[in-house]
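Notes follow once the structure below has been shown.
Read-outs throughout are calculated quantities, based only on the coordinates presented, and are distinct from any laboratory measurement. Source: prediction; values computed, not measured. In this analysis, Cβ positions are derived from the backbone assuming ideal geometry, glycine residues included, and neighbour counts consider all displayed protein chains.
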Amino acid sequence: MLKRLFVSGYKAHELGIFNEKNPGLAIIKKALKRELVRFLEEELEWVIISGQLGVEMWAAETVLELKKEYPHLKLAVITPFLNQEEKWKEETQDYYRNIVMHADYMNSVYQTPYQGVWQFAEKDKFLLSNSDGILLVYDEDNVGSPKFLSKLAAKKADTDDYRLFRITAYDLQTIAEEQQQELYNDYF
């Protein structure tokens, strides 16, 4: 049973997405929505993120949108440390705080400000151990920051009753092609 799902993946800059107008963003959100709706049919109750910019925040946007149709769905933001956003650009801080304001649960693994890079690894371990599965937007052929998390999740899935789901570049390409076909069909 998949009641608590940790969602993570690439940071926005790793995908070359620097604003809301990037056409790739709509494809990623559509992929996230498709998977989340499928999990909602399997009794999903919580989506958990750490508030990382990129896939996690896009997943949070998707959850907030889905809550209109699935009011039982809840969003948890569990950051690695307090005030993770304090050094971000003001516009980015506003975006982050708006998402957090609408979350159903907010906390930090460490109740201190940033102390070291190790806090990120500990956050991953904590979120893996407090979820039933993970949805990772990550492709082994396109190495990036989720590499460590992907390995940890695969190891947990091999040894525990833990579910690992991935959205890969192939999945995103398939959605892009479907959208192109829909546009073509609408036009002709």
Length gained, W118-A157, 0.36 nm per residue minus C-alpha separation, equals 11.8 nm
Between R38 and Q173, the two model label points (7 Å from Cα along the beta-carbon direction) sit apart by a distance in nm of 1.8 nm
Output ordering of 17-23, 139-145 (per-residue mean of other Cβ within 10 Å, highest first) is 139-145, 17-23
Note to self, the chain gives a 222 nm [θ] from helices alone (DSSP H runs n ≥ 4, -39500 (n - 2.57) apiece, / all residues, nearest 500) of -15000 deg cm²/dmol
Region 1-140: relative contact order from alpha carbon pairs under 8 Å, six or more residues apart, as a whole percent, is 34 percent
Yeah, region 1-56 with a ≥ b ≥ c from its alpha-carbon gyration tensor (a/c under 1.5 is rounded, else prolate when a/b outruns b/c, oblate otherwise) is oblate
With region 4-187 reduced to its Cα atoms and the Debye formula applied, log10 I(q)/I(0) at q = 0.17 1/Å amounts to -1.16
In nanometres, the difference between 0.36 nm per residue of separation and the alpha-carbon distance of K30 and N130 is 33.4 nm
For region 65-134, shape from the Cα gyration tensor axes a ≥ b ≥ c, cut at a/c of 1.5 then a/b versus b/c, turns out oblate
Descending packing, highest mean Cβ count within 10 Å first, for 163-170, 178-185 is 163-170, 178-185
At R0 = 35 Å the Cβ-Cβ FRET efficiency linking E86 and K147, nearest 0.05, sits at 0.85
Taking alpha-carbon centroids only, region 132-188 lies from region 8-81 a number of Å equal to 13 Å
